[in-house]
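Below is one structure; the comments refer to it alone.
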Amino acid sequence: MITNTTKRFWVVLLTSVGFLLRNPAFRKWFWIPFAIVGIGFLLPQNMVIPVQGATTKSWDDHSFWAYPWGTSITHKGIDIFADKGTPVVAATKGIVVYIHEGGKGGKSVMVLGPKWRFHYYAHLDEIDTFPLAPVGSGSVIGTVGDTGNAKGKPPHLHYAITTPFPYINLKDNKAVHGWKKMFYLDPDTWLRP
Ligand SMILES: [Zn+2]
């Protein structure tokens, strides 16, 4: 289904609007969460390749939505190959929403960036950030590794972008999981000059 991040985002947004509407003293402020959402969409993205020294040749531009792709069925991001220990940097400015260890992603970091896009950095060898840390575009957040289901494969950064606001125009009826393309954006769109 849609990602947990998308679900949590909508729970937080609707809970805060609900809280404001239920309290007569706050009711007049119900529009504030919507204004915050609007401002988020106006922030410029200024994206950089999230692995230090990597170029557009460091990933295969056909790997996004590659099928079949193990237990994920389709590959919902790109794999940027680099030596283990190479710094992983934030692709955009934003706020670290969580760090996680375990599961398919191994050591991973989620950053909320401009336009309410969530940037997922997985298979890290080391995590060099913490929840709620503000990051700039290019800030080091960890190093490239092979944790999670990348074990035994060449070290790489799995980089994915999700959005809780579906982009209806990206729905792809021909692809496997094609409707999910409304919620997972292809990083290549912004990383290739
Ligand atoms: Zn991957």
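The values are calculated or read from the model by the stated rules, or taken from the named source; none is laboratory data. Everything numeric here is computed off the predicted structure, so don't read it as measured data. Glycine gets a Cβ as well: all are built from the backbone with ideal geometry, and neighbour counts include every protein chain shown.
Observations, loosely collected:
- Complete set of residues in segment 140-152 that are more than 16 Å from the ligand (Cβ to nearest atom) and surrounded by 18 or more Cβ atoms within 10 Å (Cβ to Cβ): Ile141, Thr143
Results for (1) within 14 Å of Val96 (Cβ to Cβ); (2) within 16 Å of the ligand (Cβ to nearest atom), shown as yes or no for each residue.
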residue: Trp116; (1), (2): no, no
residue: Tyr120; (1), (2): yes, yes
residue: Leu124; (1), (2): yes, yes
residue: Gly138; (1), (2): no, no
residue: Pro154; (1), (2): no, yes
residue: Ile161; (1), (2): no, yes
residue: Phe165; (1), (2): no, no
residue: Phe183; (1), (2): no, no
residue: Arg192; (1), (2): no, no
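- Residue in segment 157-168 that is closer than 24 Å to Phe81 by Cβ and either in a loop (DSSP other than H, G, I, E, B) or over 11 Å from the mean Cα position of the chain (by Cα) (or both) present: yes
- Residue that is surrounded by the most Cβ atoms within 10 Å (Cβ to Cβ), among those in segment 95-114 that are outside any strand (DSSP E or B) and away from the ligand (no atom under 16 Å from the Cβ): Pro114
- Scope segment 158-178; condition among the hydrophobic types (A, V, I, L, M, F, W, C) and either within 13 Å of His75 (Cα to Cα) or exposed (fewer than 14 other Cβ atoms within 10 Å of the Cβ) (or both); matching residues: Ala160, Ile161, Ile168, Ala175, Val176
- Here Gly85 passes the criteria (1) part of a helix (DSSP H, G or I); (2) away from the ligand (no atom under 16 Å from the Cβ); (3) over 20 Å from Asp188 (Cα atoms) except the one numbered (1).
- Those residues of segment 169-181 which are assigned to a helix (DSSP H, G or I) and either among the polar types (S, T, N, Q) or not assigned by TED's automatic domain parsing to the domain that holds Asp60 (or both), in sequence order: Asn169
- Each residue in segment 98-136 was checked for being in contact with an Asp or Glu (Cβ under 9 Å, 6 or more places away or on another chain) and not hydrophobic (A, V, I, L, M, F, W, C), and 5 pass.
- Condition met for Gly40 (in a helix (DSSP H, G or I) and in contact (Cβ under 8 Å) with a residue 40 or more places away in the chain): yes
- Scanning segment 45-73 for residues that are over 16 Å from the mean Cα position of the chain (by Cα), assigned to a loop (DSSP other than H, G, I, E, B) and over 19 Å from Gly145 (Cα atoms) returns Asp61, His62, Ala66, Tyr67, Pro68.
- Checking Thr92, Thr143 one by one, the residue that is in contact with a Ser or Thr (Cβ under 8 Å, 6 or more places away or on another chain) and part of a strand (DSSP E or B) is Thr143 and no other.
- Condition check for Gly38: surrounded by fewer than 12 Cβ atoms within 10 Å (Cβ to Cβ), of a type outside the set (A, V, I, L, M) and away from the ligand (no atom under 16 Å from the Cβ): yes
- Single unsatisfied condition, Lys115 versus (1) of a type in the set (Lys, Arg); (2) closer than 30 Å to Leu42 by Cβ; (3) without any contact (Cβ under 8 Å) to a residue 60 or more places away in the chain: (3)
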